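> Have a look at this one before I ask anything.
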Amino acid sequence: MVREIKPHGPLPSQVQLAYLEDELAAFIHFGPNTFYNQEWGTGQEDPERFNPTQLDAREWVRVLKETGFKKLILVVKHHDGFVLYPTAHTDYSVKVSPWRRGRLAP
């Protein structure tokens, strides 16, 4: 005798299921600590050193696609407090770095 298994609790929606089926998502943490060659930032790193002139975000996307990732999440503010966009809420952001205007697309 086989008993039917009934779901317990709420079932995921079709949108939620589709999200889960994508499986791989990459989180990119990128900030001043990169230019100090350290894994974890402390919030004491000088934002003047944040100047990723050789940054190639297209390369990140290409490599992630080639390796099966479906999503990329750029963490724009991490535990060290550095913000990857100019903001009025803190001076610890790109607005006080040489990268304050970013790089124009070719």
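Every number here is computed from the coordinates shown, using simple stated rules; none is lab data. On a predicted model such as this, the values are computed, not experimentally measured, just so you know. Please note: Cβ atoms are built from the backbone with ideal geometry, for glycine as well, and neighbour counts cover all protein chains shown.
> Name the long-range amide H neighbours of residue 93: under 5 Å, sequence gap of 5 or more, or other chain; modelled H, no Pro or chain starts.
Close amide H contacts, sequence-distant or interchain: 83.
> Could you give the Stokes-Einstein D for the chain in µm² per second, using the C-alpha Kirkwood radius, 25 °C, 0.890 mPa s? Each step should come with its number before you reach the end.
Working: Rh = 16.8 Å.
Using the Kirkwood radius from Cα pairs, D works out to 146 µm²/s.
> Calculate one ³J(HN,Hα) per residue across segment 95-101 by plugging θ = phi - 60° into the Karplus curve 6.51 cos²θ - 1.76 cosθ + 1.60, and present them in order as whole Hz with x for glycine and proline.
5, 10, 10, x, 8, 4, 9
> If you place +1 on the Cβ of every Lys and Arg and -1 on the Cβ of every Asp and Glu, how big does the dipole about the Cα centre of segment 56-106 come out, in debye to the nearest 20?
Working: 10 positive and 5 negative charges, 46 e Å.
In debye, rounded to 20, segment 56-106 gives about 220.
> Sticking with this structure for a sec: Got a sec to turn the phi values of segment 26-38 into Karplus ³J(HN,Hα) couplings, 6.51 cos²θ - 1.76 cosθ + 1.60 with θ = phi - 60°, whole Hz, x for Gly and Pro?
Listing the rounded values in order: 9, 9, 10, 10, 9, x, x, 4, 4, 8, 10, 6, 10 Hz.
> Then there's this: Stretched out fully, how many nm does the piece from residue 46 to residue 15 gain, at 0.36 nm a residue minus the Cα gap? Could you put the intermediate results ahead of the total?
Working: separation 31, 0.36 × 31 = 11.16 nm, distance 4.21 nm.
Working it through step by step, the gained length comes to 6.9 nm.
> To continue, here is another question. Loop-only check: which GluC sites (Glu not before Pro) in the chain are DSSP coil with at most 15 other Cβ within 10 angstrom? Write down the numbers at each step before the final one.
Working: sites: 4, 21, 23, 39, 45, 48, 59, 66; in loops: 4, 23, 39, 45.
Loop-located and lightly packed - 4, 23, 39.
> Another question, if that's okay. Rank 92, 55, 13 by how far each Cα sits towards the positive end of the charge dipole of the chain (+1 on Lys, Arg Cβ; -1 on Asp, Glu Cβ) and give me just the farthest.
Result: 13, furthest along the dipole toward the positive end.
> Right, here's the next one. For residue 72, list long-range residues whose amide hydrogen, built 1.01 Å from N in the peptide plane, is under 5 Å from its own amide hydrogen.
It is 26, by chain and number.
> For residue 29, what charge total do you get from the other residues with a beta carbon under 13 Å from its beta carbon, if Lys and Arg give +1 and Asp and Glu give -1? Intermediate values should be presented prior to the final figure.
Values: positive: 77; negative: 39, 80.
That sum, taken over residues with Cβ under 13 Å, equals -1.
> Which of 13, 97 has the fewest other C-beta atoms within 10 Å, and how do the rest follow up to the most? All intermediate terms of the calculation are to be shown ahead of the outcome.
Numbers: 13 9, 97 21.
Going from least to most buried by this count: 13, 97.
> Trypsin sites (Lys or Arg not before Pro), restricted to the chain: which are DSSP loop and have at most 16 other Cβ atoms within 10 Å? Mind dumping the intermediate values first?
Numbers: sites: 3, 49, 58, 62, 65, 70, 71, 77, 95, 100, 101, 103; in loops: 3, 70, 100, 101, 103.
Listed in order of number, the matching sites are 3, 70, 100, 101, 103.
> Sticking with the crude label model, points 7 Å out along Cα→Cβ, report the distance from residue 55 to residue 3 in nm, one decimal please.
Simple spin-label model gives 5.6 nm for this pair.
> OK, next. Do you know the relative contact order of segment 56-106, to the nearest whole percent, from alpha carbon pairs under 8 angstrom that are 6+ apart? Show your work: numbers first, answer last.
Details: 29 pairs, mean separation 8.9, N = 51.
After rounding, I find 18 percent.
> Continuing with this model, one more query. Where does the chain land at 222 nm, in deg cm²/dmol rounded to the nearest 500, when only DSSP H runs of n ≥ 4 count, each adding -39500 (n - 2.57), divided by all residues?
On the way: 2 runs with 18 residues, N = 106.
Result for the chain, helices only: -5000 deg cm²/dmol.
> Could you let me know the centre-to-centre spacing of segment 52-80 and segment 13-48, using Cα atoms, in angstrom?
8 Å
> Can you tell me the relative contact order of the chain? Whole percent, Cα pairs under 8 Å, sequence separation 6 or more.
Relative contact order here is 29 percent.
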